[in-house]
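The values are calculated or read from the model by the stated rules, or taken from the named source; none is laboratory data. Since we're looking at a predicted model, the values are computed, not measured. Using ideal geometry, Cβ is built from the backbone for each residue, glycine included, and neighbour counts are taken over all protein chains shown. Accessible surface areas use protein heavy atoms only, side chains included; no ligands, DNA or RNA. Shrake-Rupley method; radii C 1.70, N 1.55, O 1.52, S 1.80 Å.
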Amino acid sequence: MAMTDVLSAEDIKKAVGAFSAAESFNYKKFFEMVGLKKKSPEDVKKVFHILDKDRSGFIEEEELKFVLKGFTPDGRDLSDKETKALLAAGDKDGDGKIGADGMYLRS
């Protein structure tokens, strides 16, 4: 499954482009711009599984660094600071990873 099976290619392009500058990533604005806030919980889980590159059932810090590339190959890598902020927002139980049930994307 591709990200464009769930989200609009145009929305993805606009959202990734809006945060192309280093240290500009804001996950709440990004997920709103990409259209996730309007999606069903099932669609949000589909996006989660696309981002879970190692199929562990969790998105770990190393996968978060490349989250924008999960939406489009043109996306940049997140900085360590941006990655840690995203992890802190989504890691509800403090185990260092984000699970599908603790989906931060709906925030």
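Numbers for the structure displayed
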{"item": "Among residues of the stretch 1-16, those that are in contact (Cβ under 8 Å) with a residue 24 or more places away in the chain, surrounded by 13 or more Cβ atoms within 10 Å (Cβ to Cβ) and farther than 21 Å from LYS81 by Cα, counted", "result": "7"}
{"item": "Within the stretch 83-96, tally of residues that are within 24 Å of LEU7 (Cβ to Cβ), outside any loop (DSSP other than H, G, I, E, B) and open to solvent by 10 Å² or more (accessible area, probe 1.4 Å)", "result": "3"}
{"item": "Top-ranked residue in the stretch 17-53 [being part of a helix (DSSP H, G or I) and farther than 23 Å from LYS97 by Cα; ranked as most open to solvent (accessible area, probe 1.4 Å)]", "result": "LYS38"}
{"item": "Matching option when the condition is charged (D, E, K, R), more than 20 Å from SER8 (Cα to Cα) and in contact with a Ser or Thr (Cβ under 8 Å, 6 or more places away or on another chain), among LYS53, LYS65", "result": "LYS65"}
{"item": "Matching option when the condition is of a type in the set (D, E, K, R) and within 14 Å of the chain's Cα centre (by Cα), among ASP54, ASP77", "result": "ASP77"}
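One line per residue, one yes/no per condition, for (1) at pLDDT below 95; (2) out of contact with any helix residue (DSSP H, G or I) (no Cβ under 7 Å at 6 or more places or on another chain):
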{"residue": "ASP5", "(1), (2)": "no, yes"}
{"residue": "GLY17", "(1), (2)": "no, yes"}
{"residue": "VAL47", "(1), (2)": "yes, no"}
{"residue": "ALA89", "(1), (2)": "yes, no"}
{"residue": "LYS97", "(1), (2)": "yes, yes"}
